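The block underneath contains the structure these notes are about, expressed in structure tokens.
What follows draws every value from the coordinates through simple rules; no lab data is involved. Small disclaimer: the values here were computed from a predicted structure and weren't measured. Methodologically, a virtual Cβ is constructed for each residue, glycine included, from the backbone with ideal geometry; neighbour enumeration extends over all protein chains shown.
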Amino acid sequence: MKINEQITIEDWELTEQFTRASGPGGQNVNKVSSAVELRFEAERSPNLPDPVKRRLRRLAGRRWTKDGAVVLQVSEERSQARNREIARERLAELIGKACEKPKRRIPTKVSKNQKRKRVEAKKKRAEVKALRGKVER
């Protein structure tokens, strides 16, 4: 499975398990194992660089297991083949997102003019509120 020019996932890194799906399908649901559980051993994968593994772990969230695997469950379609395709597409998309380096945030400062404007607006507002008091005779 090709993710980008540098990263390709081999078939031995993926394991698929098929179970019966819940939901619509009538008697077909009780007979056919159409739901797919795709497991990718990300931690042990020689094809993923360490920074990508770290980002993948953060992106995967609850789908990341203690032993370093990404587990995706798909039971959207009635067809087992289609569910397999969807699971593989989602895994490729997840790894693709993990390959993108996040932009480094450049801290900015508030300009002196903006600080001055803020203080002036506060003083003006305070003056308006102060003038609302009772009038003394």
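Miscellaneous remarks
- Meets criteria (part of a helix (DSSP H, G or I) and farther than 21 Å from Thr8 by Cα) for Arg78: no
- Ser45 vs. criteria assigned to a loop (DSSP other than H, G, I, E, B), loosely packed, with under 14 Cβ neighbours inside 10 Å and polar (S, T, N, Q): no
Every residue, every condition in (1) among the aliphatic types (A, V, I, L, M); (2) under 24 Å from Glu10 (Cβ atoms); (3) surrounded by fewer than 16 Cβ atoms within 10 Å (Cβ to Cβ), yes or no:
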{"site": "Val74", "(1), (2), (3)": "yes, yes, no"}
{"site": "Arg82", "(1), (2), (3)": "no, yes, yes"}
{"site": "Glu100", "(1), (2), (3)": "no, yes, yes"}
{"site": "Pro107", "(1), (2), (3)": "no, no, yes"}
{"site": "Gln114", "(1), (2), (3)": "no, no, yes"}
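- Options Val70, Val32, Val52; residue that is among the hydrophobic types (A, V, I, L, M, F, W, C) and more than 17 Å from the chain's Cα centre (by Cα): Val32
- Test result for Gly68, part of a loop (DSSP other than H, G, I, E, B) and on the phi > 0 side of the Ramachandran plot: yes
- Applying a threshold of 9 Å to beta carbon distances and a minimum spacing of six or more residues, or different chains, the list of pairs starting in region 48-61 at a residue that is assigned to a loop (DSSP other than H, G, I, E, B) and ending at one that is surrounded by fewer than 12 Cβ atoms within 10 Å (Cβ to Cβ) and among the β-branched types (Val, Ile, Thr) is empty.
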